[in-house]
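Comments concern the structure below.
Laboratory data are not the source of any read-out in this text; all were calculated from the coordinates shown. Since this is a predicted model, take the numbers as computed values, not measurements. Virtual Cβ from ideal backbone geometry, glycine too; neighbours counted across all protein chains shown.
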Amino acid sequence: MLDAMQELGLGSSRYALGMMQGRLSPPEEGRFQSFPRESWREEFARAKAAGLEYIEWIHDEYGRTANPIFTAAGLAEFDALKQEHGIATPALCGDWFMDFPLIRCTAEEQAEREAHLHALIPVAARIGAKKMVLPFVDQSSMKTDAEKETVRAVLRRALPVAEAHGVELHLEADFGPEEFAAFLREIEHRMLKVNWDSGNSSGLGYMATEEFAAYGERVGSVHIKDRYRKPEGGVETRPLGTGSADFEDVFRAIRSIGYRGGLTLQVARGSAGDEVEFIKGQIEFLRSYCSGQE
């Protein structure tokens, strides 16, 4: 029987389909997204059962001491589980930099956090992650020109390390299309890419085709989720197709650049304990946007 990816045309001939780590487990301590300290091992089997090809691994402060990627014994278990279930880990999500942003901190704190970034790059390479997502949204959002220049300086120092280890740095930011394009023009480096998120985009009121027209050639990875823009203000993450994202526009934009990377589901959560079936339903939603497309 064809698995969910092949039925959707999302296998190796199209897009690999993966899951943000933690979405295959009930939330821990009320956290919407975090490294699943209690169930990271089980997520490999659940990913396979859901018809997924990979897990985007998370590094955050909550899971720092339990994350297997930082010890030899942990890596041995991690490698065995990947091989047993046939699940890849092609991306590392640096949510630690949401906990400890590279901006709005003291010079000493910034130096420590930048050193951590440099140390994390070879860890990403070790686990097979060819890309590392660096979030600059919410509490780590760049608000001023000075903060933008601080981040550009951090990136200019980190990119040689990234290139040496074959790990791209993918920026997740909340800029509008032209502002993001202008920011990227200041750093023309082949290892610097954009992580584009359908939920963040729609939640901010942007149109995917406008964003991709501005900087689509720099898009290296895609997160798929849906957010609803409330009339009274604010946003909430909802199941695919029930928020503000225009998925016809989303996939028109993705196709416009000939994108062949993975689609990482970073979707809303279903009922605790029913994660696999909920994800199967989210994959089913994507069928009409992905099947049979040129």
Unit charges at the beta carbon, dipole of the chain: most positive-side option, L265, G18, P101 = G18
message = Using Cβ contacts closer than 10 Å as the measure, can you line up F175, F70 from fewest to most?
response = F70, F175
query = About its Cα centre, how strong a charge dipole does the chain have in debye, to the nearest 20, once Lys and Arg get +1 and Asp and Glu get -1 at the Cβ?
reply = 500
query = If you rank S271, S25, S288 by fewest surrounding Cβ atoms within 10 Å, what's the result?
reply = S271, S288, S25
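DSSP loop (so not H, G, I, E, B), at most 13 other Cβ within 10 Å: list which trypsin sites (Lys or Arg not before Pro) in the range 70-156 pass both filters.
Values: sites: K82, R104, R113, R126, K130, K131, K143, K148, R152, R156; in loops: R104, K130, K143.
Taking the range 70-156 and a limit of 13 other Cβ atoms within 10 Å, the loop trypsin sites (Lys or Arg not before Pro) found are K143.
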query = Can you give the helix-only mean residue ellipticity at 222 nm for the chain, where every DSSP H stretch with n ≥ 4 adds -39500 (n - 2.57) and the sum goes over all residues, rounded to the nearest 500 deg cm²/dmol?
reply = -12500 deg cm²/dmol
key: Among A88, A162, A107, residue whose mean-square fluctuation peaks in a GNM of the chain (springs only between Cα atoms under 10 Å)   = A107
query = Between rounded, prolate and oblate, where does the chain land on the alpha carbon gyration tensor, with a ≥ b ≥ c its root eigenvalues, rounded for a/c under 1.5, else prolate if a/b exceeds b/c?
reply = rounded
inquiry  = Only counting other Cβ atoms within 10 Å, I'd like I103, I55, I187 sorted with the fewest neighbours first.
reply    = I187, I103, I55
ask   = Where the only charges are on Cβ atoms (+1 Lys, Arg; -1 Asp, Glu), what is the dipole of the range 152-294 about its Cα centre, to the nearest 20 debye?
value = 300
